[in-house]
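S.K.: Below are the structure tokens for one structure; questions will follow.
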Amino acid sequence: MFPIRLHFSRDTTVELLRLALPMVVSQGTFAVMIFTDRYFMSQIDPVHMAAALGGGVASFFSFCFFVGLFSYANAMAAQYLGAGEPEKCPKVVTQGLIMTVMSAPFLTLITFLVAGIFETMGHDPEQVELSRIYYLILMSGVLVNLAKTCISSYFAGIGRTKVVMICDVFGLVINVPLSYVMVFGKLGFPELGIVGAGISTVIATILAFLLFVIFYFLKEHRETFSVMRSFALDTRIMKRFWRLGFPSGLELFLNVAAFNLFLLMFQSYGVTEGAAAAIVFNWDILSFIPMIGLNIGIISMIGRFVGSRDMARVDQVITASFAIAMTYACLLAVLYISFRYPLVDVFAPPSGDFTAIREIAAYMMIGLSTYVLADGVIMVTGGVLRGAGDTRWLMIASTTLHWAMLVAQFFIIQVFEFSPKVSWLAFVAMILVIAVVFSLRLRGNRWRDPDVLERVMAE
């Protein structure tokens, strides 16, 4: 039996787009910042570009558990709003900020442990040092980054995604020109290279967070959500935050760990292969992260309708989400196949032989076209299940598949020493399997059972 009644609703689609489009812009700013930094590095040399990729992904790996945990503020705030309890929404932020402060010792230890991983993976010595420096700079702003994640997720959950867009665009406007002048030594700044890229990112994050705080304390928002009465420890909400958000955080941590270890193993093929991977994942980020904006909109709407027990509207959101995601993914797939060489050539350095990097990257772009279609399915199904509170199943299924992929990659790269093309095909296959498994879960009854939803909403 297929319990989901696919039904297109113009009003629901418009509402989803209203919520999602600002988040697409918001997540797009993040993509552009990463893309820009790596582009600037490519203009120095392939080693810097590979180092920016390695240091960047290692940084996100180090705090991604907390990102997954605090991002659940989106679903929680939406659920409380749907249940007619708006006064509990800002309490979610307070508990998130308390947990952010409590995370500081763990993050310090993680930073110390991860800083040495680049050398362990056998990378080029020059790349090792550059990756380590970039990583440490990014980690210096981690607490502000997590606080920003919590408050931005909250605004998304209550449907004020334009606030998130404004703040993140503001961060982008600060980051890109500042990165340019600091990387290349313009306007009187010293030429700092990858150090400048890291510092500009931290500064932009701090300023964007401060703008979020200003919006949080504006009179209309302050009065509507009883913000001034929310500044206290609420153990019931914190326990619920932890109960539902912990699986999301652990899922993200384990998945990012698997992905990063795969990427680090892939870079062991050499600088050429590492640079090719950096180029492909640059385009993946630029296209994929806006889809996360849709995912955030889905979580917000599903959470609200689950809170009000309006499952008919849930089905309408699912229908609209698939229509939007698949249209976008198909356009990207055609673009990546048809223009793979010009897209790769964007990252060609001003001098040096780019031929080997170009050929490997162009081949990987073909696989990326399939990858984005599967990602579209994953973003929709994962958003629905997460908004409905089915976070434990998501954690088990997703992490099991990611780590099975990592084991397979170990044998492909380290044991049997197959080519980079074989490794890439295995990675794409894993993404397809995840899409199928998530779709099967969505078709089931378990996540939408009334008794299950009652337990989700319980404090």
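S.K.: Mind pulling the angle between the C-alpha long axis of helix 46-71 and the longest principal axis of the chain? Nearest 10 degrees, somewhere in 0 to 90.
M.R.: 20
S.K.: Please arrange Phe253, Phe416, Phe60, Phe66 by how many other C-beta atoms lie within 10 Å of their C-beta, fewest to most.
M.R.: Ranked by crowding around the Cβ, least crowded first: Phe416, Phe60, Phe253, Phe66.
S.K.: Take Lys186, Lys91 and order them by how many other Cβ atoms sit within 10 Å, fewest up front.
M.R.: Lys186, Lys91
S.K.: First select every other residue whose beta carbon is under 11 angstrom from the beta carbon of Ser230; then total the charges, Lys and Arg +1, Asp and Glu -1.
M.R.: Net local charge, Ser230 excluded: +2.
S.K.: Starting at the first residue of the stretch 235-247, write each ³J(HN,Hα) from the Karplus equation 6.51 cos²θ - 1.76 cosθ + 1.60 with θ = phi - 60°, in whole Hz, x for Gly and Pro.
M.R.: For the stretch 235-247, the Karplus curve yields 5, 5, 5, 4, 5, 5, 4, 5, 4, 8, x, 4, x Hz.
S.K.: What whole-number value in cubic angstrom gives the convex hull volume per residue for the C-alpha atoms of the stretch 155-223?
M.R.: Here the figure is 78 Å³ per residue.
S.K.: Measure nothing but the geometry: give the 0 to 90° angle between the long axis through the Cα atoms of 420-443 and the longest principal axis through the Cα atoms of the chain, rounded to 10°.
M.R.: Computed tilt is about 10 degrees.
S.K.: For the stretch 10-457, report the % of Cα-Cα distances exceeding 27 Å.
M.R.: Tail of the P(r) past 27 Å holds 52 percent of the pairs.
S.K.: Could you name the lysines in cross-link range of Lys186, using Cα to Cα under 22 Å and dropping any fewer than eight places away on the same chain?
M.R.: Within the straight-line cut-off, Lys186 pairs with nothing.
S.K.: Another question, if that's okay. Cα axis of helix 355-387 to longest principal axis of the chain: angle in degrees, 0 to 90, nearest 10?
M.R.: In the chain, helix 355-387 runs at an angle near 10 degrees to the longest axis.
S.K.: In whole Hz and in residue order, list the ³J(HN,Hα) couplings for the stretch 11-20 that follow from phi through the Karplus curve 6.51 cos²θ - 1.76 cosθ + 1.60, θ = phi - 60°; x for Gly and Pro.
M.R.: 5, 5, 5, 5, 5, 4, 5, 4, 6, 6
S.K.: Quickly estimate the mean residue ellipticity at 222 nm for the chain, helices only: each DSSP H run with n ≥ 4 gives -39500 (n - 2.57), and the total goes over all residues, rounded to 500.
M.R.: -27500 deg cm²/dmol
S.K.: What does the charge count near Val93 come to, summing +1 for each Lys or Arg and -1 for each Asp or Glu among other residues with Cβ under 15 Å from its Cβ?
M.R.: Net of charged neighbours comes to +4.
S.K.: How would Thr149, Thr400, Thr370 line up from fewest to most surrounding beta-carbon atoms within 10 angstrom?
M.R.: The order, fewest Cβ neighbours first, is Thr400, Thr370, Thr149.
S.K.: Here is a follow-up. Mind checking which lysines have their Cα closer than 21 Å to the Cα of Lys219? Skip sequence neighbours fewer than 8 apart in that chain.
M.R.: Once the sequence-local lysines are set aside, what remains near Lys219 is Lys88, Lys91, Lys148, Lys162.
S.K.: Right, next: If you add up the charges near Ile194, with Lys and Arg at +1 and Asp and Glu at -1, over every other residue whose beta carbon is less than 15 angstrom from its beta carbon, what do you get?
M.R.: Result for the local shell: -4.
S.K.: When we measure straight from the Cα of Lys239, which aspartates and glutamates land under 14 angstrom away, once same-chain ones fewer than 8 places off are left out?
M.R.: Reachable aspartates and glutamates: Glu459.
S.K.: Classify the stretch 198-263: rounded, prolate or oblate, from the alpha-carbon gyration tensor (a ≥ b ≥ c, eigenvalue square roots; a/c under 1.5 rounded; otherwise prolate if a/b is larger than b/c)?
M.R.: Because a/c hits 1.5 or more and a/b fails to exceed b/c, the stretch 198-263 counts as oblate.
Values quoted throughout were computed directly from the atomic coordinates according to the rules given, and no laboratory measurement underlies them. Predicted model, so just to flag it, every value in this text is computed and none were measured. Positions of Cβ are backbone-derived with ideal geometry, glycine not excepted, and every protein chain shown enters the neighbour counts.
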